[in-house]
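K.L.:
Let me begin by handing over the structure; questions about it come next.
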Amino acid sequence: MPLPYYVSPEQLMKDKGDYARKGIARGKSVIALEYAQGIAFIAENPSATLHKISEVYDRIAFAGVGRFNEFEQLRIGGIRIVDVKGYAYSREDVTAKSLANAYSQTLGNIFTSEVKPYECEILVAAVDDDPQHNELFHILFDGSVSDRKGWVAMGGQSDALGTYLENNYSGDAPQLAAAVKLGHDALKEVEGREISADNLEVAVLDRTRGRRKFRRLTDSEVTNYL
């Protein structure tokens, strides 16, 4: 009886991680920035209907990079989770932290148990009436979670974008126009080409709005900010 082919767990996890990173690197990047009135999301996305940035609940937004069908499944699953929790208990019981933990467990289980890992990274963000209590949870393909402040860069150019934002994002949260321009400048600098307003997807979690804080910016608004 022939022996089965053996691969060490360390090598298997490394191969899965390399595979997922290569898939994510082929996609466009997403940037999230805290600004004076909330959190702004900027992504290069020429599609008007296939969104990388979406509303999940009253104060919570979702952003994904990598394979669209995979992070779209996660988005839909997350909406179902928070809708059930908000209905069964109260809307105040729905938090970005609990949703990020659920995503972390799901992605971690897929990474360790399935043959092919998900080729995506996601961001769960929540705006609070107190800017100090804003939440930005960056979840990787293997289920790793990091709690971020100020800004988050995801996607194939995340390292270069992170360096640019580290050097140009000030300690004081900028106004929305400055935040959108900073995100656009970062994408343009890293990609090495001009990116027009109609190829940008921009959305915000605005704490000054009513119960639902999420809003998409129109092309004309983005053009004015740029």
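The values are calculated or read from the model by the stated rules, or taken from the named source; none is laboratory data. What you see is a predicted model, and the numbers here were worked out from it, not measured in a lab. For neighbour counting, all protein chains shown are included, and Cβ atoms are generated from backbone atoms with ideal geometry for every residue, glycine included.
K.L.:
Would you check which residues across segment 10-35 are touching a residue at least 12 places away in the same chain (Cβ under 8 Å) and among the acidic types (Asp, Glu) and list them?
P.N.:
Once the filter is applied, which keeps residues that are touching a residue at least 12 places away in the same chain (Cβ under 8 Å) and among the acidic types (Asp, Glu), segment 10-35 yields only Glu34.
K.L.:
Can you tell me which of Ala203, Ala178 is at pLDDT 90 or above and either among the charged types (D, E, K, R) or in a helix (DSSP H, G or I) (or both)? Let's see the steps before the verdict.
P.N.:
Numbers: Ala203 fails: either among the charged types (D, E, K, R) or in a helix (DSSP H, G or I) (or both).
Going through Ala203, Ala178 in turn, the sole match is Ala178.
K.L.:
In the set Glu189, Glu221, which member is part of a helix (DSSP H, G or I), free of Cβ contacts under 8 Å to residues at least 60 places away in the same chain and under 17 Å from Lys28 (Cα atoms)? Break it down into steps so the answer makes sense when it comes.
P.N.:
Numbers: Glu221 fails: under 17 Å from Lys28 (Cα atoms).
The conditions single out Glu189.
K.L.:
Also, quick follow-up: Being in a helix (DSSP H, G or I) and either of a type in the set (Asp, Glu) or touching a helix residue (DSSP H, G or I) at 6+ places or on another chain (Cβ under 9 Å) (or both) is the filter here; which residues of segment 111-137 pass it? Give the derivation first.
P.N.:
First pass over segment 111-137, keeping only residues in a helix (DSSP H, G or I): 111-113, 131-133.
Scanning segment 111-137 gives Phe111, Thr112.
K.L.:
Moving to a separate point now. Only one of these is in contact with a helix residue (DSSP H, G or I) (Cβ under 7 Å, 6 or more places away or on another chain) and in a loop (DSSP other than H, G, I, E, B): Gly156, Gly171. Name it.
P.N.:
Testing whether each residue is in contact with a helix residue (DSSP H, G or I) (Cβ under 7 Å, 6 or more places away or on another chain) and in a loop (DSSP other than H, G, I, E, B) leaves just Gly156.
K.L.:
Please find, among Ile60, Ile39, Ile76, Ile53, the residue that is out of contact with any Gly (no Cβ under 9 Å at 6 or more places or on another chain), within 23 Å of Arg209 (Cβ to Cβ), at pLDDT 90 or above and of a type outside the set (D, E, K, R).
P.N.:
Ile39
K.L.:
For segment 93-107, state whether one or more residues are in a helix (DSSP H, G or I) and of a type in the set (D, E, K, R).
P.N.:
Yes, the conditions are met somewhere in segment 93-107.
K.L.:
Sticking with this structure for a sec: Here's a check for you: in segment 106-130, which residue that is surrounded by fewer than 13 Cβ atoms within 10 Å (Cβ to Cβ) and either touching a residue at least 12 places away in the same chain (Cβ under 8 Å) or basic (Lys, Arg) (or both) is farthest from Gly156 (Cα to Cα)?
P.N.:
Asp129
K.L.:
Do we have Gly27 as modelled with pLDDT under 90, outside any strand (DSSP E or B) and buried (at least 20 other Cβ atoms within 10 Å of the Cβ) here?
P.N.:
For Gly27, the condition - modelled with pLDDT under 90, outside any strand (DSSP E or B) and buried (at least 20 other Cβ atoms within 10 Å of the Cβ) - is met.
K.L.:
Arg212 - would you say it is in contact with a strand residue (DSSP E or B) (Cβ under 9 Å, 6 or more places away or on another chain), basic (Lys, Arg) and either in contact (Cβ under 8 Å) with a residue 12 or more places away in the chain or over 15 Å from Glu34 (Cβ atoms) (or both)? First the steps, then the outcome.
P.N.:
On the way: in contact with a strand residue (DSSP E or B) (Cβ under 9 Å, 6 or more places away or on another chain): yes; basic (Lys, Arg): yes; either in contact (Cβ under 8 Å) with a residue 12 or more places away in the chain or over 15 Å from Glu34 (Cβ atoms) (or both): yes.
Considered against the rule, which asks whether it is in contact with a strand residue (DSSP E or B) (Cβ under 9 Å, 6 or more places away or on another chain), basic (Lys, Arg) and either in contact (Cβ under 8 Å) with a residue 12 or more places away in the chain or over 15 Å from Glu34 (Cβ atoms) (or both), Arg212 comes out as yes.
K.L.:
Related question: Please specify each residue of segment 186-202 satisfying the condition of being within 17 Å of Ile39 (Cα to Cα) and of a type in the set (Asp, Glu).
P.N.:
Once the filter is applied, which keeps residues that are within 17 Å of Ile39 (Cα to Cα) and of a type in the set (Asp, Glu), segment 186-202 yields only Glu201.
K.L.:
Sort through Ala88, Ala125, Ala100 and tell me the only one that's in contact with a Leu (Cβ under 6 Å, 6 or more places away or on another chain), modelled with pLDDT of 90 or more and small (Gly, Ala, Ser).
P.N.:
Ala125
K.L.:
If you go through segment 30-44 one residue at a time, do you hit one that is of a type in the set (Asp, Glu), part of a strand (DSSP E or B) and touching a helix residue (DSSP H, G or I) at 6+ places or on another chain (Cβ under 6 Å)?
P.N.:
Yes, the conditions are met somewhere in segment 30-44.
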